[in-house]
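Working notes, structure below.
FYI, it's all coordinate maths here, none of it is from the lab. No experiment lies behind these values; they were computed from the predicted model shown. Heads up, the Cβs are rebuilt from the backbone with ideal geometry, glycines too, and the neighbour counts pull from every protein chain shown.
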Amino acid sequence: MDFPTYVNLPFKQESELPSSYNFQDVRYHPEMVRYIINRYTEEGDTIFDPFVGFGTTVVVAQQMKRQAFGVEIDTDKISYLKNDLKLGDAIIQGDVTRMYLDRLPEFDLVLCSPPYMGKNDSADALTGYRFSGSYEGYLDKMQEVFSQIAEQCSPEGKIVIEISNLKNQQSLTPLAWDVGIKLSEVLTFEGEIIICWEGERREGGIYNYGYDHSYLLVYSRP
């Protein structure tokens, strides 16, 4: 079955975060999650988000009668996920770059948006920005993480990563392209879907990283 290579989706959230989190609301959008889950899975399938953040993947997957798990490194977000959203054992606290995932069920779909890092940033995005690091080191760790994740995927499973390039007045980081190339060295790249975001335009674009669109990079096991 053929699918479009781009989709138009509304850029809006369907729920509010507690006010203490508003300044860091970088959630991706439930409609995008529904689109990908409908496209690549069936009821009862297992979905995994290695950078679960505020839990959008898990919440939507459960609403759509899928089994879902997510990993989160930030202890404050863990409290929100477990206490406010009541996600319980679906949420695993830890650093996915240091975890063994073979205790989890086989994944039919991996869906995530990794923490972004610019080429001039000095804080390592994959440590929750707590420690220093380099952009090259970030890309290497992304490759290692997804190589391990692929080993836990089902033979027909898909890995879908939502990501954007980063542009501001000072610099441009081709993050989506750099990550795409790096992961293609260890996964089978099946193509990209461009999400054209619809909403009120603001400084930095609708998507807020200098653009009005982002990419869904689609992979399978090598």
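Please list, by residue number, every one of the trypsin sites (Lys or Arg not before Pro) in the range 120-204 that is coil in DSSP and has at most 14 other beta-carbon atoms within 10 Å.
Numbers: sites: Arg130, Lys141, Lys158, Lys167, Lys182, Arg201, Arg202; in loops: Arg130, Arg201, Arg202.
Sites meeting the loop and neighbour criteria: Arg130, Arg201, Arg202.
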Subject >> Environment charge of Asn120, counting only residues whose C-beta is closer than 15 Å and scoring Lys/Arg +1, Asp/Glu -1 >> reply: -2
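Take the Cβ-Cβ distance between Thr5 and Tyr129 as r, set R0 to 22 Å, and report the resulting FRET efficiency rounded to the nearest 0.05.
Values: r = 33 Å, r/R0 = 1.49.
Computed FRET efficiency for Thr5 and Tyr129: 0.10.
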Original post:
Arranged by the count of other C-beta atoms within 10 angstrom, fewest first, what order do Thr5, Thr127, Thr56 take?
Top reply: Thr5, Thr127, Thr56
Subject >> Cut-off 13 Å between beta-carbons: net charge of the residues surrounding Gly204, Lys and Arg +1, Asp and Glu -1 >> reply: 0
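Which length gain, in nm to one decimal place, applies between Lys86 and Lys12 when the Cα-Cα distance is subtracted from 0.36 nm times their residue separation? The partial results should precede the final answer.
On the way: separation 74, 0.36 × 74 = 26.64 nm, distance 2.28 nm.
Difference between extended and current length: 24.4 nm.
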Subject >> Where labels lie 7 Å past Cα in the beta-carbon direction, separation of Leu172 and Asp95 in nm >> reply: 3.4
**OP:** Just grab the label-to-label distance for Thr75 and Glu43, each label 7 Å out from Cα along the Cβ direction, in nm (one decimal).
**Re:** 4.1
Subject >> Label point distance in nm, Ser19-Glu31, each placed 7 Å from Cα along Cα→Cβ >> reply: 2.9
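If Lys and Arg each add +1 and Asp and Glu each add -1, what is the summed charge of the other residues whose beta carbon sits under 12 Å from the beta carbon of Pro222?
On the way: positive: Arg221; negative: Glu151, Glu185, Glu190.
That sum, taken over residues with Cβ under 12 Å, equals -2.
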